[in-house]
Amino acid sequence: MPDQRANSLRSGPDQNGHFGIFGGRFVAETLMPLILSVEQAYGEARNDPAFRAELGNLLTHYVGRPSPLYFAKRLSDHFGGAKIFLKREDLNHTGAHKINNCMGQILLAKRMGKQRIIAETGAGQHGVATATACALMGLDCCIFMGATDIERQAPNVYRMKLLGAEVRPVTAGAGTLKDAMNEALRDWVARVEDTYYLIGTVAGPHPYPAMVRDFQCVIGEETKEQMKAQEGRMPDSLVACIGGGSNAMGLFHPFLDDAAVAIYGVEAAGHGLDKEHAASLAGGRPGVLHGNRTYLLMNDDGQIEEGHSISAGLDYPGIGPEHSWLKETGRVTYVSATDEEALDAFVMMTRMEGIIPALESSHAMAYAGKLASTLSKDHLMVVNLSGRGDKDIATVAKFRGEGGVS
Amino acid sequence: MSRLSQRFASLKAENRAGLVVFVTAGDPGRDVSQAILNGLPKAGADIIELGMPFTDAMADGPAIQEGSKRALAAGMTLPGVLEMVAAFRQGDAETPIVLMGYYNPVYIYGVERFAQDAAKAGVDGMIVVDLPPEEADELLTPLSRSGIDFIFLTAPTTDDARLPVVLNKASGFVYYVSITGVTGTVSASEAAVKAAVGRLKAQTQLPVAVGFGIKTPVQAAAVARHADAAVVGSAVVEMVATGDVAKVHQFVAELAAGVRKARGH
């Protein structure tokens, strides 16, 4: 739960969901009453010890938390600088950090008496986590996924179907995450009575950015304790990849007021920041989309542009509003890694640590490696390994021109 | 008196509802779109809702999404929308024009500058789908300084407790979204429209226009029996897609005839 001190960087958003000028509730009137009811229900749930106990129980016994904080010795030696620790969110049930948020929101949806859950997904990790939560709770599940993403994330599509979810292909736009989110919003507006929209990242209208952050903060809270237990002190730096930014926010937020901890968010630079990419903070400007004001990729007329990244989970032209705010306050340093750099990091982590990382997390590793080599050997760096990469092996094989995977 | 209040006053004097016609600016191309727009009053449109195209029309169904896409592909921009309004105004000083769309292009244009330029072009009102009253002030304030009405949406989900939150900031007219859903999909029953209009009228003096899901002259007439205006969008936009100006105006004339006959005189 966020720190409420006025001089804290952890006290946002304000009561209307604003982080500075960012965030808010930019939705059609039809959805406004629903958004307000989600906010009210969440406000009650987060203060209810029974809710927190039930969530804690699921995180421990179903998700498998705490996830390990693993000292990656070979990678550290390779870069010859900082000690690199991997926060192993890839070891969670369903293979990514997404499940942390889904457990929280599914309990909220149940509490609100909703029978049907909808969600958007890019890489399919959030879709799989949502479908899993729905199977566990016996709720109907419909996942909106861009047609392009369905193609490049076939194993996750089949997993969702096995779990009992309907996967609805979205052909509008480029058929990626942005379009899936539009379609989920359209569905929600038509099914307001029985449907709960389980947003997978720290974006969308208030209260989602704050709520998803709160459910993901377990990542950073555990990291703090684990580092203390292993090294007897706080880490010196944190590195995480950012699409919408939920794994990053979950790791960063508990450390925001610890000024000595350097924090780096890594956006997807695609083919390069001067070409097609998905780095909203580096290449975008503040605008309004999907219920919140935040940095967005757009043209001069305010028309939204498609992001590009080899990683379907980062392929989004926006970013969570709290990240936009943290960029402007300067507390977090936002950088980027290209498709190629991410692929190199993917291979390196696989070969040196025997861990196949998600392409999303590979972006964090790509930057972390560069940074680590410039730092001293007593520097403690945490890289959020937000998901595992089994889902990505076909993409990687294709890129490397290797056969054997279809 | 603004064009909108003047128009609603004369509709009241005629004891009939108005027909609001929605087309997307620049759909399917600039010239055809201008020709369609210019001919709408003669075809029977009492008020024109001119769509500002946007890449991510989250509250719209397939018809209007496609219209937006066609307009953008043909090069329409927000300055282009204002130019079309100005061109329309050269031949028509009376028919109110309400711009409808999403906030981002307006925000990027700059709200102060936009309010001034829109007033200069001859815009009378604005509907911004993703600006609920909680977020609207930043645009509403400059618009009202420019004499442009901000028209809020109300929906079946806007309950009596919430209605004043919306109505307190509304001007021009109140737009009732008659279904929970996106544009151009399902239609509300006449009984539901009647009840909803009654619910709104109990809390506001402003005229009530009803839209979403009205596709035929018969449906338009049913709404026109109870509301101050009926809005038809997707069905017109589907005609616009053909690029046949006369066909669009013919369809609008049929809708107008339905609306004009609705109250049996």
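The values are calculated or read from the model by the stated rules, or taken from the named source; none is laboratory data. Fair warning: this is a prediction, and the values are worked out from it, not measured in the lab. Using ideal geometry, Cβ is built from the backbone for each residue, glycine included, and neighbour counts are taken over all protein chains shown. With ligands, DNA and RNA removed, areas are computed over all heavy atoms of the protein, side chains included. Shrake-Rupley method; radii C 1.70, N 1.55, O 1.52, S 1.80 Å.
Observations on the model:
- Taking A:Lys224, A:Lys275, A:Lys98 as the candidate residues, the one with maximal mean-square fluctuation in a Gaussian network model of chain A, Cα springs under 10 Å, is A:Lys275.
- Stokes-Einstein D for the protein assembly as shown, Kirkwood Rh over Cα pairs, 25 °C, 0.890 mPa s (µm²/s): 95 µm²/s
- Alpha-carbon centroid distance for the pair segment A:194-254 / segment B:199-243, whole angstrom: 46 Å
- For chain B, built as a Gaussian network whose Cα springs stay under 10 Å, the top-fluctuating residue of B:Gln205, B:Gln116, B:Gln65: B:Gln205
- Among A:Met103, A:Met365, A:Met137: highest mean-square fluctuation, GNM of chain A, C-alpha pairs under 10 Å: A:Met137
- For chain B, the membrane-span-like helix rule (DSSP H, alpha carbon extent of at least 18 Å along the helix axis, mean Kyte-Doolittle at least 0.0) picks out B:245-261; this says nothing about an actual membrane.
- Other protein chain C-beta atoms within 10 Å of residue C-beta, averaged over B:147-155: 2.
- Cα-Cα over 19 Å, subset of A:Lys87/A:Lys398; B:Lys215/B:Lys247; A:Lys73/A:Lys377: A:Lys87/A:Lys398
- Across all Cα pairs in segment B:60-172, the calculated P(r) in 5 Å bins from zero up to the longest distance comes to 2, 11, 20, 23, 18, 15, 8, 2, 0 percent per bin.
- Normalised by the number of residues in segment B:3-261, the mean separation of alpha-carbon contacts (under 8 Å, six or more apart) gives a relative contact order of 24 percent.
- Rounded to the nearest whole angstrom, the semi-axes of the ellipsoid equivalent to segment A:314-406, taken from the Cα gyration tensor as √(5λ), stand at 26, 18, 11, largest first.
- Each label point was placed 7 Å from the Cα along the Cα-to-Cβ direction; for A:Ile21 and A:His271 their separation is 3.1 nm.
- Farthest toward the positive end of the dipole of segment A:1-87, out of A:Asn16, A:His61, A:Leu31, is the Cα of A:His61, where the dipole comes from beta carbon charges about the Cα centre.
- Computed on chain A, with alpha-carbon pairs under 8 angstrom and 6+ residues apart, the relative contact order is 20 percent.
- Placing +1 on each Lys and Arg Cβ and -1 on each Asp and Glu Cβ, with no other charges, gives segment B:27-99 a dipole about its Cα centre of roughly 180 debye.
- FRET efficiency, 1/(1 + (r/R0)^6) with R0 56 Å, evaluated for A:Asp300 and A:Ala154 via beta carbons: 0.90
- Averaging Cα coordinates gives a centre for segment B:14-67 and one for segment B:116-144; these two points are 18 Å apart.
- Comparing B:Ile108, B:Pro79, B:Val240 along the charge dipole axis of segment B:3-261, the residue lying farthest to the positive side is B:Val240, per the Cβ-charge model.
- Net +/- balance of residues flanking A:Glu39 in space, Cβ distance below 12 Å, scoring K and R +1, D and E -1: 0
- Relative contact order [Cα under 8 Å, 6+ residues apart], segment A:332-406, whole percent: 29 percent
- Rounded FRET efficiency, nearest 0.05, which uses the C-beta distance separating B:Glu94 from B:Ala246 and R0 of 41 Å: 0.95
- Within 10 Å of each Cβ in B:55-65, the average number of Cβ atoms from other chains: 6
- Calculated mean residue ellipticity at 222 nm for the protein assembly as shown: -13000 deg cm²/dmol, from DSSP H runs with n ≥ 4 weighted as -39500 (n - 2.57), summed, divided by the residue count and rounded to 500.
- Take the Cα of B:Asn38, step 7 Å toward its Cβ, do the same at A:Glu402, and the gap between the two points is 6.4 nm.
- Rounded to the nearest angstrom and listed largest first, the equivalent-ellipsoid semi-axes of chain B from its Cα gyration tensor are 24, 22, 18.
- Given A:Lys98/A:Lys161; B:Lys42/B:Lys69; B:Lys69/B:Lys120; A:Lys275/B:Lys69, the pairs whose alpha carbons are separated by over 25 Å: B:Lys42/B:Lys69; B:Lys69/B:Lys120
- Charge tally around B:Val32: other residues with Cβ under 12 Å, Lys/Arg +1 each, Asp/Glu -1 each, net 0.
- Peptide A:299-309 - average C-beta neighbours from other chains (10 Å radius): 5
- The dipole here belongs to chain A: it is taken about the Cα centre, uses +1 on the Cβ of Lys and Arg and -1 on the Cβ of Asp and Glu, and is about 840 debye.
- Net charge dipole size for segment B:1-136 [Lys, Arg +1 and Asp, Glu -1 on Cβ; Debye, nearest 20]: 420 debye
- Net +/- balance of residues flanking B:Arg225 in space, Cβ distance below 13 Å, scoring K and R +1, D and E -1: +3
- Computed label-point distance, nm, for sites A:Arg168 and B:Ala13 using a 7 Å Cα→Cβ extension: 4.8 nm
- Accessible area in square angstrom per residue, segment B:3-261, 1.4 angstrom probe: 34 Å²
- From most to least packed by mean Cβ count within 10 Å, the peptides A:338-348, A:162-172 give A:338-348, A:162-172.
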